[in-house]
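Since the structure comes first, as structure tokens, the remarks are kept for the end.
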Amino acid sequence: MAKDVRTRILDAAERLFYEQGITATGVDALAEAADVSKRTLYNHFGSKEGVVTAYLRRRDQRWQQRVATALEGAQTPTERILAYANSYCDYIGDNDVRGCAFINASAELSNESHPGVAVIRESIDTAERGLSEILAEAGIEDPEELAGQILVVLEGAMSVAGMRRNNEAYDTAERLILSLIASRMPVPG
């Protein structure tokens with residue numbers, strides 16, 4: 001069964017925006033890659049801005065699913081945090097990786113009112129809340145602060161891994177995260 005038009009457009013957008021950049025990808029190239037007319041593209045998304053926003057929402061949905069799957073088998077809070085962290089590096093190491101699509105998009109979307117910027121912020125806020133909830137369950141004092149620190153470590157690792165095209169930054173990030181958790185774990189007794 002042939003993919004529906006909207007899916008074809010989003011598939012093309014995902015490939016082109018990630019490989020070439022949002023700004024460098026014109027509507028003509030996007031329509032051609034999706035095998036649709038520009039009119040069809042505009043009928044489905046209204047504008048290139050609409051395609052960009054839908055592309056980012058789709059990536060975020062996949063990211064949230066990846067995190068949920070990673071957390072399924074984790075039992076202890078430390079295992080859950082590491083599972084969360086490991087979901088960041090599921091796909092790094094492939095030579096075609098160009099870092100985090102959200103970091104890349106954020107760098108390109110200079111207009112604060114672009115709806116894609118809101119999607120990016122919602123995604124990072126969701127990640128920080130998820131980390132904070134796990135840390136709170138572990139009895140960590142001020143879990144929001146530690147969640148913010150872990151998020152900075154993970155996002156930094158994502159950037160470095162994308163630049164180097166390998167997972168080494170995640171090994172360092174995991175050690176840093178374990179150290180941060182250990183320094184904040186409540187002492188039993």
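Residues that are outside any helix (DSSP H, G or I), closer than 15 Å to L135 by Cα, without any contact (Cβ under 8 Å) to a residue 40 or more places away in the chain and more than 15 Å from the chain's Cα centre (by Cα) occur in the stretch 179-188; there is at least one.
Looking across the stretch 134-182, the residues that are of a type in the set (A, V, I, L, M), surrounded by 14 or more Cβ atoms within 10 Å (Cβ to Cβ) and over 25 Å from G99 (Cα atoms) come down to I134, L135, A136, A138, I140, I181. The single residue among D11, D4, D60, D35 that is over 19 Å from A101 (Cβ atoms) and touching a helix residue (DSSP H, G or I) at 6+ places or on another chain (Cβ under 8 Å) turns out to be D35.
When R80 is tested against (1) in contact with a Leu (Cβ under 7 Å, 6 or more places away or on another chain); (2) under 25 Å from E112 (Cβ atoms); (3) not hydroxyl-bearing (S, T, Y), just one condition goes unmet, and that condition is (2).
Within the stretch 1-29, take every residue that is aliphatic (A, V, I, L, M) and within 15 Å of A105 (Cβ to Cβ) and give me the one that is surrounded by the fewest Cβ atoms within 10 Å (Cβ to Cβ). It would help to see each step written out before you state the result.
Filtering the stretch 1-29 for residues aliphatic (A, V, I, L, M) gives 1-2, 5, 9-10, 12-13, 16, 22, 24, 27, 29.
Right, trim to within 15 Å of A105 (Cβ to Cβ) and you get 10, 13, 16, 22, 24.
Working: L10: 21, A13: 24, L16: 20, I22: 23, A24: 11.
That would be A24.
Bear in mind that the values in this text are calculations on the coordinates, not laboratory data. Small disclaimer: the values here were computed from a predicted structure and weren't measured. A quick note on method: Cβ atoms are made from the backbone with ideal geometry, for glycine too, and the neighbour counts reach across all protein chains shown.
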